[in-house]
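Right, one structure below, let's go through it.
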Amino acid sequence: MRGRSMVMVIVACAVVTRTVDAGVIVQAGHTYRLYDGITGFIVNREGKEFTLTLEVRDINLMETGPREVLVKLYDPDGAAVVRQVIPDDGVVSKAFLPTAGAWDHEAWYYAYLYLHGTEPMLRWSAFSAPDRLAAVPKRVFTFSVKGGRKGIYRLQVVGFPDHYVTVKLNPDLPWGVAGHPTWLHGSGDRLKRSFLYVPRGTRGLFLLAAEFDRPATRLLVLSDAEGTKLYDGPITGGFFVKRIDFARSGQHDDRLLRLDVGPGANDFLVNVKFIREKDAEVHHRGEPAVPAVFAADAAAAKSIQGGAIYHDGRVFWQPFQVRLHEWLKKLGPEGFVVKDAAGKELKATQGKAGDAYYVGLPTQPGFLNVNDIYWSPPMCDGLLHHYAANKNRQTLHLAIRDLAAGLRSLGPCDVPAVALGGPWANMGYEFSNYAWQYWRPAWRLLKQTDAPAEVKEIVREAFLICGDRLAFCVTWARTNGNAFAQVVAALRYGCEATGDPLQKELFETYWHRFTTGGWGERAGISPSGACQEGFGHDQHYGSYILGTWKAIQADLGDDRFRKVHERIRNLYSYTMSEEAAACPWSSRTHYPAFMPIDKDGPFAWKGLPGPDFTESVNGGNEWFAARRKGYYILTYHGRLTPRWVGEAFAGQIGYGGGCICQLHIPGKGPVLASTLNGSYGEGMHASLWRDFHLHSVVGRCADGKPLVAADSEHTDARLDGITVTSSGDARGTTVQVARRYHFGPEAIDCTVQLKETGFSELLGLWIPNPQRGKLLECYEMIPFLPKKKGAGNSEKVEDATHLRVLEETGKELGPLTNEPRTGKTVIIDRGGFGVRVELDRPRKLQRGPRDTVLIHLIDAPTPAGKIELRYRLVPFGA
């Protein structure tokens, strides 16, 4: 099974819960597909007792493995009267094959198919059709709320896009709903007219909508209280984002906007995020932006107030925020003035690791930043670290105030109400240890200080809210491994802070899936031990975990973190390189790892001189490495970023296909290195192959499409003794490539073979295509470093790497130039060290535009099955 099943349930004693037989008839309700969550606001003006019924359906399409649903119901004072995790329905087998993270990948998948002139196999809207949805088995859960209270009850339901949830209330109380972190899903005439209350302090909004099925027919009209249209138009191209800045901040405060969604056959995603004025008392990354609450009637919208709580001239979103604010007020200004024993006022400063402390007070060594790669820690993190040494009450008060400022960013949907680069907020970044670094301070405050019991009670309540919700931040987070790993660390600090059994279970489940592929085969830790990024491996972003997980290992001593950390360090002991970022597989950037090469110890770089070895790195059969006295070589055969992802960027992000990543002469330097031209596919679209700096067969197919054989995944790669073999389909072509390396004591024997796709017989079932699998141009490309070691950016001829061509007899024919000449050997000399490329027979050779050797494999249109090259790489100069 691809994941651990989550079975723990906690329900507050004020609520009676039961599972109802699917045949029980209850009143009509509100049905939503979860992208990823909804927050419902129940207007209970008279304080009635009521029954909440949830019907949960799981279409089991996008996700593989168990996927649970979080259900929480808060009373008007913020107490969780329902807190339950609904277990998976038991269907865990794989259905949807493309790797996907969140809504954007789903949308790109549909766009990719449309752009290639085909239709998706399934309508995105199919499962929302009443007949189909009724056919999906439902599980029914009821919660009887006894002793109802006057005010707004808040319902959180969070899961995955595979989940449809129908919310029913008895009696049928007024209702409003917000979608988070990005969208609210609609279908049919649902959300056809909604009233949106504008909270105080709003200066603008984002209106966003998407419609994946074609044609996109929905029209949106957003009007203000006077009927003036702020937007009136279609969902152009199936997706749009519009920012609307008000003429003046607060112009629409306490008033209602109206959003009308026109009729249409397709489902849609929609949201409004209110852009708010920045508040010095609230700490977060990005600009403050809170999702709108959609209410079907104006009275309900006014009662809900967009989820806002107005108190003491401020806007709060959670009752605990108000209580913590009131406690801090009692301290008065003097409660935050730090003085020494003589009464002298002290000043704060920062240590090298970003830890805040006061000069003149005792400090404690050993502070480690939980995100030492990019983000500074909040003030409270350092103050609470040093509090153990000084016990100064004013620094404790300052730490609590700073922690409260972070917690004030939490919106009514239990996630930070922020936006970056538009309306977006990936909670893998904005709610984890990446940018919201309040998880460890909460642990320190609750477990390592003598803070007042009242404060500890409030903070624990806050982190029960935070930890429960973060444990369901998966879809968007799992795409970005550098932040995904920080979710895991935050959850670990969180459950240690609260000591809550459910949060411990939530962490254990998250950890298990993160480390075993349970969140998706290309999310979390890969079989090779890497922290995956963009559904592949990224040398730069994938290294961040080596810095960010140091703190949690030191703080909590959880040996599981150490084991994963050390396996990643071991991987990097093979993939590091000198002089060039020889990481062609990188699925995001073209940069090297953030840290320097280890020169000694158990994770010393394997390119240094040492004993012979030939290995499948970490046993993953993706990287293979060999070291001999005269050379170190690394090849890559594994997973790559999906092609449809490259369609949404500048080009293919990362290449492999059994390519040589680096050939290094121990003690001297690299000679061959496959590198990318830019990050996120920049300069790496397959059509630009002539300007690549990769080890790959390249050329043009008979149908005009480019061939880059390194754009292939070799799932059959294996090591037999000192020989590696692998093969795979060159993506976007009808050609297969196979590679073989024999790592001898003095040289590497290389073989590359092409053949027509294995689908040829099927595709030619009725009328064979004579152009299929035929090539017009074909070269083996071998990338080298163009300068002698230490030459830097020198343009002097004598500082350039020398390339000489030899004929079959060994006679030198002259330098390798951009004009083809026939030869049997190319000598690549970086100044006393380099490699001889000895071909199986004399072939045309030339220098490529970007410091590559191009070996001509054909002279006329040729079937792929007739193309083969054998050559030896003979290093020298060790």
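The values are calculated or read from the model by the stated rules, or taken from the named source; none is laboratory data. These figures come from a predicted structure and were not determined experimentally. Cβ: placed from backbone, ideal geometry, glycine included. Neighbour counts: every protein chain shown. Note: accessible area is taken over every heavy atom of the protein model, side chains too, but ligands, DNA and RNA are not part of it. Shrake-Rupley method; radii C 1.70, N 1.55, O 1.52, S 1.80 Å.
Once the Cα-Cα distance is subtracted from the 0.36 nm per residue extended length, the THR751 to TYR310 segment shows a gain of 151.6 nm. With a simple spin-label model that places each label point 7 Å from the Cα along the Cα-to-Cβ direction, the separation between HIS116 and THR822 comes to 4.1 nm. Each other residue within a Cβ distance under 11 Å of ARG255 adds +1 if Lys or Arg and -1 if Asp or Glu, for a net charge of -1. Per residue, the average separation of C-alpha pairs within less than 8 Å and at least 6 apart gives the stretch 469-618 a relative contact order of 21 percent. Annotation for LYS599 and ARG562: the two label points, set 7 Å from Cα along the Cα-Cβ direction, are 2.7 nm apart.
When you count the other C-beta atoms within 10 angstrom of each residue and take the mean per peptide, 602-614, 31-43, 702-714 line up highest first as 31-43, 702-714, 602-614. The largest-to-smallest principal axis extents of the Cα set in the stretch 647-803 are 60, 39, 27 Å. Give me the percent of DSSP beta bridges within the stretch 729-878 that run antiparallel, rounded to the nearest 5. Looking only at bridges with both residues in the stretch 729-878, the antiparallel portion is about 100 percent. For the chain, the longest principal axis of the Cα atoms and the long axis of helix 103-115 meet at an angle of about 50 degrees.
Normalised by the number of residues in the stretch 304-404, the average gap of Cα pairs under 8 Å and 6 or more apart makes the relative contact order 22 percent. At an R0 of 35 angstrom, the distance between the Cβ atoms of ASP716 and LYS866 translates into a FRET efficiency of 0.95.
Protein heavy-atom surface of the chain, 1.4 angstrom probe: 52% of the accessible area is carbon and sulfur, with nucleic acids and ligands not counted. Label positions at ARG841 and ALA341, each projected 7 Å from the Cα along the C-beta direction, are separated by 9.1 nm.
Relative to the longest principal axis of the Cα atoms of the chain, helix 501-516 runs at roughly 20 degrees.
Ranked by the mean number of other Cβ atoms within 10 Å per residue, highest first, peptides 789-802, 265-278 order as 265-278, 789-802. All other residues with a Cβ under 11 Å from the Cβ of LEU73 taken together, and with Lys, Arg as +1 and Asp, Glu as -1, what is their net charge? Overall, the nearby charge balance is +2. For the peptides 55-64, 450-459, 584-593, residues were scored by their other Cβ atoms within 10 Å and the scores averaged per peptide; the highest-first order is 584-593, 55-64, 450-459. Starting from the Cα of SER376, step 7 Å toward the Cβ, then list every residue of the stretch 267-296 with an amide N under 15 Å from that point. Answer for the stretch 267-296: 283-286. Straight-line reach from LYS456: taking Cα to Cα under 23 Å and skipping same-chain neighbours fewer than 8 places apart, the lysines in range are LYS72, LYS329, LYS330, LYS391, LYS447, LYS504.
As a length-normalised measure over Cα pairs under 8 Å and 6 or more apart, the relative contact order of the stretch 688-750 settles at 21 percent. Converting phi to 3J(HN,Hα) with the Karplus coefficients 6.51, -1.76 and 1.60 and the offset θ = phi - 60°, the stretch 832-847 yields x, 9, x, 8, 9, 9, 9, 7, 5, 7, x, 9, 5, 9, 7, 8 Hz in sequence order, with x at every glycine or proline. One equal scatterer on each Cα of the chain, no solvent, Debye formula: the resulting log10 I(q)/I(0) at q = 0.10 Å⁻¹ is -1.12.
Tally Lys and Arg at +1 and Asp and Glu at -1 over the other residues with C-beta under 9 Å from the C-beta of ILE235: what net charge comes out? My count for the surroundings of ILE235 gives 0.
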